[in-house]
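Read through the structure below, which is laid out as C-alpha cells, and then see the notes.
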Amino acid sequence: MGLRFTLRALLVCFLVFPTAKLQAEMKVACFSTVLSEIAQKVGGKNVTVTSLIKPGQDPHEYELTPGDLSAATASDLVILSGKGMEVSYLRNLRDALPKRVQVLEVGDQLPSLSKKAEEGNEMTQDPHWWNSVSDTEKATMIVRDAFVHLDGQHAADYQAAAQAYLNSLQELDSWARRKIAELPRNQRKLVTSHDAFQYFAKDYGFQIDSIEGLTTDQEPSVSHVTALIAEIKKEGVKAIFLENTLNPKVSVEITRESGAKIGGSLYADGLGPGDGETYAGMVRHNVTTIVDALK
C-alpha cells in the first residue's frame, strides 16, 4: 500500500510539473550592463541573469565583492566584457570559480582598436566595444552560441530570441546612421571626458579626442589639457561632452578656456539611469545628444 501510494504521488507530480519545469534554469552572472541585457534578451525564460555591475556604475572602478563572488561561483556561466576591462580582478575571479563554471570574455572575440599611452609607445587595447552597434550585434551572436553550447535542448529558443534582438539592433543602427547624416562630416569632431568612443567613431566617421585616457583613473596631464584646448580652438569644435559617471570639473574648465560649450552628458561605459536604462535608449541618447550639440 505504501509503495503504491508513493508511486501514485510521483506520477501526480510529473503530471502537474512537467519535466521541463523541473529542470533548473541556466544561471548566468554578468560583469557588464550591456551584456546583462543581451543575456536576458537571448536567454528569456530559460536563463536567470544576475547583473553584478549595475546601471550607472563605473566598470573601471568596480571592485569584486564577496557577495558578487558568491553569485559568480553559483552560476553556470560568467560573462565578461573582455579586452582588459576586468584586468584588476580577473585573476582572483578565475581562481575562485569552480571548474564547472564557464567563463566567456565576449570582447576577446571581437575586432580590437588600440590607443597609444600618453607617455611612451605602449599600445593599450580599447575595451569599449559596446559603443559600436555592429559589435554589439556580434556580441549577441557570441552569447547565443554560448547558450546553445551549454543548453542545447533550448537551442531553438535561444536562436529565435537572438534573431529578434539582432533585428532590433539593425533597426537601431539604421536610425543612428540617418540621425548622424544630419551632421556634416567636417563637424563630426567628438571630445569626451575619457576615451570611450573609438568604436563609435569607427562606425560613424567621427574624429575623436578625450580629456582622460581609456580608463577613468588616468588623470590628464597639464600638457595634454593644454594641447587639447589648442586643438579645440584650432578645429572650431562647438561642444565637448560630459559622462554620466565622471566628475565634470576638468571638462567645465576646458570649456572656459576653449570657448566650446558643454554639449550634454553621454553614457560611455554602459547602461545608466533614465534614457540609458536600455541599450537602445543609451545609443539613441548618445547619438541625439552628440548630433544636436555639434550642428
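The values are calculated or read from the model by the stated rules, or taken from the named source; none is laboratory data. Remember, predicted model here, so these are calculated numbers, not experimental data. Note that each Cβ is placed from the backbone with ideal geometry, even for glycine, and that neighbours are counted across all protein chains shown. These area figures cover heavy atoms from the full protein model, side chains too; ligands, DNA and RNA do not enter into them. Shrake-Rupley method; radii C 1.70, N 1.55, O 1.52, S 1.80 Å.
Which of the residues that make up the range 238-258 are more than 24 Å from the chain's Cα centre (by Cα) and modelled with pLDDT under 90?
Lys249, Val250, Val252, Glu253, Ile254, Thr255, Arg256, Glu257, Ser258
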| query | Of all residues in the range 72-103, which are open to solvent by less than 30 Å² (accessible area, probe 1.4 Å), free of Cβ contacts under 8 Å to residues at least 60 places away in the same chain and either part of a strand (DSSP E or B) or not hydroxyl-bearing (Ser, Thr, Tyr) (or both)? | reply | Ala72, Val78, Leu80, Gly82, Lys83, Met85, Glu86, Leu93, Leu97, Val101
| field | Residue list for the range 46-67, restricted to those being more than 25 Å from Arg144 (Cβ to Cβ) and either open to solvent by 60 Å² or more (accessible area, probe 1.4 Å) or free of Cβ contacts under 8 Å to residues at least 60 places away in the same chain (or both) | value | Gln57, Glu61, Tyr62, Glu63, Leu64, Thr65, Pro66, Gly67
| Is there a residue being open to solvent by 30 Å² or more (accessible area, probe 1.4 Å), of a type outside the set (Val, Ile, Thr) and within 21 Å of Ser81 (Cβ to Cβ) anywhere in the range 280-288? | yes
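Residues checked against (1) touching a helix residue (DSSP H, G or I) at 6+ places or on another chain (Cβ under 7 Å); (2) not aromatic (Phe, Trp, Tyr):
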{"site": "Ile254", "(1), (2)": "yes, yes"}
{"site": "Ser265", "(1), (2)": "no, yes"}
{"site": "Gly270", "(1), (2)": "yes, yes"}
{"site": "Pro273", "(1), (2)": "no, yes"}
{"site": "Tyr279", "(1), (2)": "yes, no"}
{"site": "Asn286", "(1), (2)": "no, yes"}
{"site": "Asp292", "(1), (2)": "no, yes"}
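Just one of Tyr158, Tyr199 is farther than 26 Å from Ser258 by Cβ and among the hydroxyl-bearing types (Ser, Thr, Tyr); which is it?
Numbers: Tyr199 fails: farther than 26 Å from Ser258 by Cβ.
Of Tyr158, Tyr199, the one residue that is farther than 26 Å from Ser258 by Cβ and among the hydroxyl-bearing types (Ser, Thr, Tyr) is Tyr158.
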| query | So which residues in the range 37-66 are farther than 18 Å from Leu90 by Cβ, part of a helix (DSSP H, G or I) and not basic (Lys, Arg)? | reply | Glu37, Ile38, Ala39, Gln40, Val42, Gly43, Gly44, Asn46
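In this structure, is Ala176 open to solvent by 30 Å² or more (accessible area, probe 1.4 Å), part of a helix (DSSP H, G or I), within 17 Å of Thr278 (Cβ to Cβ) and not charged (D, E, K, R)? First the steps, then the outcome.
Working: open to solvent by 30 Å² or more (accessible area, probe 1.4 Å): no; part of a helix (DSSP H, G or I): yes; within 17 Å of Thr278 (Cβ to Cβ): yes; not charged (D, E, K, R): yes.
Spelling it out, it is not the case that Ala176 is open to solvent by 30 Å² or more (accessible area, probe 1.4 Å), part of a helix (DSSP H, G or I), within 17 Å of Thr278 (Cβ to Cβ) and not charged (D, E, K, R).
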| Output for the range 183-237, where each listed residue is open to solvent by less than 30 Å² (accessible area, probe 1.4 Å), of a type outside the set (Gly, Ala, Ser), at pLDDT below 90 and closer than 25 Å to Asp173 by Cα | His194, Asp195, Leu214
